[in-house]
1. Can you name every one of the strands (runs of 3 or more DSSP E) wholly within region 1-112 that holds 2 or more residues which are in contact with a strand residue (DSSP E or B) (Cβ under 7 Å, 6 or more places away or on another chain) and modelled with pLDDT of 70 or more?
2. For region 169-177, check the following and say yes or no: at least one residue is farther than 20 Å from residue 60 by Cβ and crowded, with 16+ Cβ neighbours inside 10 Å.
3. Of all residues being buried (at least 21 other Cβ atoms within 10 Å of the Cβ) and modelled with pLDDT under 95 in region 131-141, which is farthest from the chain's Cα centre (by Cα)? Just the residue, please.
4. Applying the selection to region 178-201, what residues are loosely packed, with under 15 Cβ neighbours inside 10 Å, closer than 19 Å to residue 162 by Cα, in contact (Cβ under 8 Å) with a residue 40 or more places away in the chain and in contact with a helix residue (DSSP H, G or I) (Cβ under 8 Å, 6 or more places away or on another chain)?
5. Do you know which residues across region 94-107 are crowded, with 18+ Cβ neighbours inside 10 Å and within 23 Å of residue 31 (Cβ to Cβ)?
6. Filter region 149-195 down to the residues that are within 23 Å of residue 217 (Cβ to Cβ), under 13 Å from the mean Cα position of the chain (by Cα) and assigned to a loop (DSSP other than H, G, I, E, B) and list them by number.
């Protein structure tokens, strides 16, 4: 059984008691988790954090936004109902409080590994807009976009929710690291910056006053022939 375990440091040892003859464990950084899943194609993922708060849910949500369908087990730093529910709502398949016995963790992992694997596509398309999630590339009408890491994550979230108004808090939860300190107008500034980077589709990124922001659904007829993610318009 292949397993990808999340660790804050790559030199941090795998938790004691996890080792078993049928478990192959790889520890990766949070920022590399989606890439590791694409490369290693594990049978299950374990998300662990050594801090309380939104970190567990943020990592799981990031995986699901990257269209990683591998089963996810969260070992939660906090055992309260709200924290456990947040991880499940973010897309976790199972959650156990910390500490849990290695025997229980291994049993839950084997149960998750028996579930059908549901690897999902990583190419998002909305009219002339395309986002290659794992390739970390985006294009608007065939013109490759030069985006910051934060702008790319924000665009990915909006592309997953075309036509839907998303509030400032929803965007913060989905596109920003919970450990990151942000200013009160960071979402507004990021939306403005992203809009300016979209040469053809910027007008489709709308501010809904008093509510939030929306990326309109774009018609495929707006797309010029030959446009594709990762290519430049002639």
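1. Values: elements: 2-6, 24-28, 44-48, 72-76, 94-97.
Counting at least 2 such residues, we get 24-28, 44-48, 72-76, 94-97.
2. So far as region 169-177 goes, no, none of its residues is farther than 20 Å from residue 60 by Cβ and crowded, with 16+ Cβ neighbours inside 10 Å.
3. 131
4. If the condition is that a residue be loosely packed, with under 15 Cβ neighbours inside 10 Å, closer than 19 Å to residue 162 by Cα, in contact (Cβ under 8 Å) with a residue 40 or more places away in the chain and in contact with a helix residue (DSSP H, G or I) (Cβ under 8 Å, 6 or more places away or on another chain), then 193 is the only one that fits.
5. 95 - this is the single residue of region 94-107 that is crowded, with 18+ Cβ neighbours inside 10 Å and within 23 Å of residue 31 (Cβ to Cβ).
6. Of everything in region 149-195, just one residue is within 23 Å of residue 217 (Cβ to Cβ), under 13 Å from the mean Cα position of the chain (by Cα) and assigned to a loop (DSSP other than H, G, I, E, B), namely 160.
The values are calculated or read from the model by the stated rules, or taken from the named source; none is laboratory data. Predicted model only: the values in this text are computed from it and were never measured. Cβ sites come from the backbone with ideal geometry, for glycine too, and all protein chains shown count toward neighbours.
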